[in-house]
Amino acid sequence: MARWFENNGPDSDVVISSRVRLARNIRDYNFSLKLDEKSASDMIDKTMTELSGCAEFADYTGYNFKDLNEYQKHAMEERHTISRFLMEQKYAAGLVSPEEDVSVMINEEDHIRIQSFVSGRDMKSAYHKASSADDIIGRHVPYAYHEKYGYLTTCLSSVGTGMRASYMLHLPALSGTGQLAGIMSELGRFGLKMTSVFGEGSSSPGDIYRISNQTTLGLTEQELIDNLDNIAGQIIEQERLGRQQYMKLQQVAAEDAAYRSYGVLRYARKLSLKDALVLLSEFRMGLALGMFGDNMEKGYSVYQLMIGIQPYNLQLACNSKLELTELEVARATFIRNNLPQIV
Amino acid sequence: MLCERCNEREATIHYTELVNGVRSEHHICSECASKLMPAEYGSMFGADMPFAKFLTGLFAAGRADADTADDPMAHIVCPKCGMNFEEFTRVGKFGCAECYNVFGPLIDDNIRRIHGSNIHTGKKYAEAPLADTADETGEEEINAEEEIDLLQAKLKEAVELENYEDAAMLRDRIRELRNGN
Ligand SMILES: [Zn+2]
Ligand SMILES: [Zn+2]
């Protein structure tokens with residue numbers, strides 16, 4: 001069965017995915033900051049027992065950190081199945097849907113984090129999936145909920161709806177022309193924030209960015225999503241304009257860059273993560289602009305390669321610990337085996 | 001629709017803004033959007049300031065001269081998890097659900113500054129009724145009485161803290177309960 005990142009959804013030329021996360025706490029346990037190890041284990045076990053018994057989660061895979069090695073945990077984090085925060089927890093457990101599009105994390109910064117992914121731009125479906133899981137869980141464990149403040153969270157920055165909705169966007173044109181810094185600095189006034197998915201600070205190999213709501217209280221989930229979607233829509237349009245400009249003014253250079261990137265991806269014998277992400281970004285934009293014509297497999301998701309080449313997923317696929325050079329060789333091989341052919 | 005600022009260009013950005021609990025719809029063009037002065041709460045997020053620092057900063061500014069020993073705030077402790085006010089402002093996180101009742105009223109202004117509001121309007125949570133008490137009407141009446149008592153205590157506290165917005169909400173809820181929901 002195809003996982004969410006192996007498909008393309010609406011507006012996939014720019015939008016990779018729509019994600020919703022809901023933060024929930026269980027009423028009777030202290031929150032993570034004041035939860036001792038014994039109570040945490042107790043909370044995890046009881047919650048897992050409750051949820052594993054739900055018919056609605058019957059086809060989900062349950063996991064417990066007690067049974068996972070470091071590679072498995074890191075690989076899940078690289079595929080966005082679990083958060084970085086959860087990965088670094090000593091005790092944690094959770095449930096994952098067969099397509100890895102819905103994930104329930106237990107003992108995150110909040111007791112329960114429900115997460116859903118949909119390919120492309122479709123926040124309505126993403127919210128619906130997360131909210132349905134939330135309804136089920138809320139019937140089995142009593143949530144910490146306040147008449148005035150709504151869903152109570154460890155951080156004041158998530159209280160109310162407890163919802164963080166985000167789009168993952170591919171923005172090579174805006175980032176390449178230096179327009180992104182300006183856009184990022186303006187997002188705060190709309191209660192939104194943009195961060196880079198791969199890399200830190202100003203460097204963002206792969207040009208993949210996440211835009212999400214920062215405020216969670218006072219507006220309804222629908223209003224928060226509408227705000228995010230409207231602003232994201234603006235950014236998507238600007239990215240498309242930027243790409244069209246690039247094609248209009250420098251068509252030869254643009255095609256050359258996309259085909260050169262494809263060539264290196266196809267024939268390189270070792271690749272660093274950063275180089276591979278940069279090349280895949282060029283290739284992805286070329287594909288979206290139709291440079292590879294109709295012969296290139298339609299609806300191919302380049303993002304699955306961006307996930308597959310992450311260090312822990314590669315090591316998990318090879319079933320062994322790899323040194324840096326071995327990792328770079330494995331990365332080039334993985335890309336070669338999975339890159340679509342130009343006929 | 002025309003942009004509300006320049007009345008010339010087509011409005012392409014539509015968003016709902018909340019400032020101090022007041023909701024307003026905006027329709028602006030992208031040119032005007034880039035000239036907009038940052039809204040107060042917006043700028044909080046523009047800078048990558050962690051909440052803990054933000055909260056600590058606010059309190060430190062107002063209490064720089066306060067002698068901790070005599071400071072009445074220092075004695076506020078959450079009865080459930082043991083979090084005290086000093087720790088709360090230092091880490092900027094809540095220790096349990098009860099913390100919201102203990103520290104919530106003290107930071108209402110900050111909540112509004114961060115979110116633009118201090119009242120949840122989204123999805124509501126109703127805990128599933130327990131099978132054995134659901135159909136016992138007698139028990140429900142007792143629960144309503146108990147809730148009214150609790151709400152009245154909260155109302156008293158809200159009035160003392162001059163938190164009139166909360167007080168009004170509590171008063172409405174008590175009235176609802178008295179009229180049999
Ligand atoms: Zn205008
Ligand atoms: Zn507490």
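Structure above, values below:
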item	result
Among A:84, A:121, A:164, residue whose mean-square fluctuation peaks in a GNM of chain A (springs only between Cα atoms under 10 Å)	A:84
Local electrostatic count, residue A:167, Cβ distance below 9 Å [Lys/Arg +1, Asp/Glu -1]	+2
Accessible surface ranking that places the most exposed of A:61, A:333 first, with a 1.4 angstrom probe	A:61, A:333
Vicinal HN-Hα couplings computed from phi for region A:5-15 (Karplus, 6.51 cos²θ - 1.76 cosθ + 1.60; Hz; Gly/Pro x)	7, 9, 10, 10, x, x, 6, 6, 4, 10, 8
All lysines inside 28 Å of residue A:34 as judged from Cα atoms, apart from same-chain residues fewer than 8 positions distant	A:46, A:66, A:73, A:90, A:148, B:53, B:80, B:93, B:123, B:124, B:154
For chain A, built as a Gaussian network whose Cα springs stay under 10 Å, the top-fluctuating residue of A:31, A:117, A:190	A:190
Peptide A:222-231 - average C-beta neighbours from other chains (10 Å radius)	3
Burial of 40 Å² or greater, region B:103-123 residues [accessible area, probe 1.4 Å, versus chain by itself]	B:111, B:115, B:120, B:121, B:123
Environment charge of residue B:25, counting only residues whose C-beta is closer than 12 Å and scoring Lys/Arg +1, Asp/Glu -1	-3
Under Karplus coefficients 6.51, -1.76 and 1.60, residue-wise ³J(HN,Hα) of region A:32-43 in Hz, glycine/proline x	3, 4, 10, 9, 6, 4, 5, 5, 4, 4, 4, 5
Accessible heavy-atom area order of A:140, A:111, B:26, highest first, probe of 1.4 Å	A:140, B:26, A:111
Partner chain coverage, peptide A:181-189 - average Cβ within 10 angstrom	4
Cβ crowding within 10 Å averaged over residues, with A:18-28, A:36-46, A:269-279 ranked highest first	A:18-28, A:269-279, A:36-46
Amide hydrogen neighbours beyond the local backbone of residue A:143, cut-off 5 Å, H modeled	A:27
With DNA, RNA and ligands ignored, accessible area of residue B:15 (1.4 Å probe; Å², nearest 10)	20 Å²
Residue A:185/residue A:322 FRET efficiency (R0 35 Å; Cβ-Cβ; nearest 0.05)	0.35
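The values are calculated or read from the model by the stated rules, or taken from the named source; none is laboratory data. Here the structure is a predicted model, which means the values were calculated and not measured. All Cβ positions, even for glycine, are placed from backbone atoms using ideal geometry, and neighbour counts span all protein chains on display. To get the accessible areas, we keep the full protein, side chains included, count just its heavy atoms, and leave off ligands, DNA and RNA. Shrake-Rupley method; radii C 1.70, N 1.55, O 1.52, S 1.80 Å.
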